[in-house]
Structure formats: C-alpha cells, structure tokens
Amino acid sequence: MMTAFETANVAEALEATVAEQSIMQIVDALSPSQLQAYAAFHPKSLRHYAEEQQKWIEDTTYFLGIDLGHQPTPGEIADKILRTDHSMRFRAYYSLQYPENVIINSEELKRYHSTRMRLLID
C-alpha cells in the first residue's frame with residue numbers, strides 16, 4: 001500500500017505526463033509556417049535547452065528504431081533530424097513546455113507576422 005506522500009508523487013507524475021502529451025499533440029499539429037514563429041523564442045539557459053534537446057533526440061532515435069524495425073544507423077538518425085522540421089518542432093515544444101525558460105525576440109516575431117500577413121494578402 002502506498003503512503004499519502006507516494007500517492008501524491010504518482011499523481012503529480014501522471015499530471016506532468018498528460019500535460020506533456022498535450023503539448024506534443026499541439027506541436028505535432030503545427031504547420032511548417034506556424035513553426036517558424038518559434039524561431040523568435042530563445043532559451044534563457046543553453047545548458048537546460050541542450051539537456052532537453054538530448055532527451056528529445058534520444059526519444060526520436062527510439063521511435064525511429066520502432067518505425068524502421070531495427071536500431072537506426074547514424075545516417076538514418078541524421079537524415080531524420082537534418083532533413084525534417086525536427087529542430088523547429090523541438091523549439092516549439094521547449095517554448096510551450098518551459099515558457100519561463102524562454103525569451104521572445106520581439107523583432108523576430110514582428111518579422112514573422114509581417115511576412116505571414118504579406119503571404120495571406122498575396
């Protein structure tokens with residue numbers, strides 16, 4: 001039987017997992033043009049960003065192996081990361097998961113919106 005403390009910790013972990021899955025669903029639904037808006041979001045701590053990005057890459061490698069049916073080669077991993085919008089999706093995920101850890105460059109965000117408006121008008 002779990003103690004009240006253990007029960008609280010399990011409940012907290014489950015809440016965090018559900019919240020992270022919701023963020024992942026949001027990020028997966030973003031179009032390439034919507035992902036571009038996150039270029040204006042910069043991490044406050046490069047160390048934390050790099051640690052989280054490493055976890056993201058490990059998860060990507062794991063799921064790529066499942067999709068391929070074998071342990072991915074370095075070339076297959078590089079292809080997945082470099083030839084897709086993988087980096088921008090991670091930037092969006094990080095910005096949504098850790099909003100307190102990002103700084104928004106307002107000039108970049110303005111450029112994104114003005115470019116987006118021009119595309120919508122044309």
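Between LYS55 and ILE104, full extension at 0.36 nm per residue minus the direct alpha carbon distance yields a gain of 15.3 nm. For region 72-100, backbone nitrogen atoms closer than 13 Å to the point 7 Å from LYS44 Cα along Cα-to-C-beta are found at 98-100.
Maximal additional length on extending the ASP85-ILE66 stretch stands at 4.9 nm, based on 0.36 nm per residue less the C-alpha distance.
Every read-out reported here was derived from the displayed coordinates using simple, explicitly stated rules and does not represent laboratory data. Not measured: the values here are computed from a predicted model. All Cβ positions, glycine included, derive from the backbone under ideal geometry; neighbour counts span all protein chains shown.
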